[in-house]
Amino acid sequence: MTILSSSNASPAIASLKMCFYGAGSMAEAMVRGLLDRGLTEPGQISMMNRQNAARMEELNARYGVNTASMDADKAAMLQEADIVFLMMKPKDAAEAIAQVRDLLHPGQLIVSVIAGMTIRTLEALLGKPIPIVRTMPNTSSTIGLGATGVSCSAAVSAEQRAIAEAMFQAVGLTTVVEERMLDVVTGLSGSGPAYVYYLMEAMIAAGSELGLTEDAARELTIQTVLGAAHMVKATGENPADLRRKVTSPNGTTQAAIEKLDANQFSQTLVSAIARAAERAAEMGAEIERKATS
């Protein structure tokens, strides 16, 4: 087998049949990214969900992908796929996997986007040795600016790992981590967009309370956050260094930073991310207990 890097995995991806079990916004984002990047063709993609036929018609009309509502057609899609994306909600996952596991086989690659479900739990539910890639994307994937943590089971080959990375790079950035670190990824980037939105809420509220119109406060906040993120990415500099460059001694920024420090802004954010990671581990353990009991 030829070992591929994520940068040259595209020809291999184009030859593979993919089946998405679950057709929500993240599944649609993946399909859109794969097609927009030219990594595959609509005819190579199948999508299915449990019962929403209208959603299947919508996705077929929008992207030209294969969809199914009949059980026999769904079964054929799952059996014939080279890559099966499990994208159902965590509360439905164990039951859904139990219903289709006899259709899956070791020649396939399973890509899980089920929050909290460990590789060990998936292996137990599948009941057979199938390569599994577990991922933790975030909601920004829906606009092609996602951040996705990726972990692989021992059965995943280097080629399969490269293919998985390339697919998720179609909707943003990927980082390969040990599975135990996916809880940290969840706390940092999985929940991370919400922290930024929360910060923006506060900035908009401050601008409004201090006399700006809400529209002006909103537009200034959006552009400020966008510009700051682009500045870090464009310059490659450490955010701390960029912050120091705009913090003049005894100036306005220093006064604001001192106020944030007095209220333990940094420590609070670290604690919040740690708690999110801890909660991810708790949820994973709960899912495992229910799925394997």
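Some notes on this structure:
- Extended-chain gain in nm, criterion 0.36 nm per residue less alpha-carbon gap, residue 145 and residue 98: 13.6 nm
- Charges were assigned to the Cβ only: +1 to each Lys and Arg, -1 to each Asp and Glu. The resulting dipole of region 102-200 about its Cα centre is roughly 60 debye.
- Summarising the amide proton neighbourhood of residue 109: residues at separation of 5 or more, or on other chains, whose placed amide H is nearer than 5 Å comprise 83, 84.
- Classified by the C-alpha gyration tensor, region 35-84 has an oblate form. Its axis ratio a/c, with a ≥ b ≥ c, is 1.5 or above, and a/b does not exceed b/c.
- Amide hydrogen proximity for residue 67: with H placed 1.01 Å from N in the peptide plane, the residues at 5 or more positions away or on another chain lying under 5 Å are 47.
- Applying the Karplus relation 6.51 cos²θ - 1.76 cosθ + 1.60 with θ = phi - 60° to region 214-226 yields 3J(HN,Hα) values of 4, 4, 5, 4, 5, 5, 5, 5, 4, 5, 5, 5, 4 Hz, where x marks Gly and Pro.
- This model, with +1 at the C-beta of Lys and Arg and -1 at the C-beta of Asp and Glu, gives the chain a dipole about its Cα centre of some 280 debye.
- Inter-label distance, nm, simple model (7 Å from Cα along the C-beta direction), residue 274/residue 62: 4.1
- Modelled label positions at residue 89 and residue 173, each set 7 Å beyond Cα in the direction of Cβ, lie 3.1 nm from each other.
- Sequence-ordered 3J(HN,Hα) estimates for region 130-135 from the Karplus curve with 6.51, -1.76 and 1.60 and θ = phi - 60° stand at 10, x, 10, 10, 9, 10 Hz, glycine and proline given as x.
- Model label sites at residue 36 and residue 283, defined 7 Å from Cα along the beta-carbon direction, differ in position by 2.5 nm.
- Other-chain or far-sequence residues with amide H under 5 Å of residue 176's (modelled H): 150
All of the numbers you see were taken from the coordinates with simple rules; none came from a lab. Everything numeric in this text was worked out from a predicted model, so none of it was measured. Neighbour counts are summed over all protein chains in view; Cβ atoms, including those assigned to glycine, are modelled from backbone coordinates with ideal geometry.
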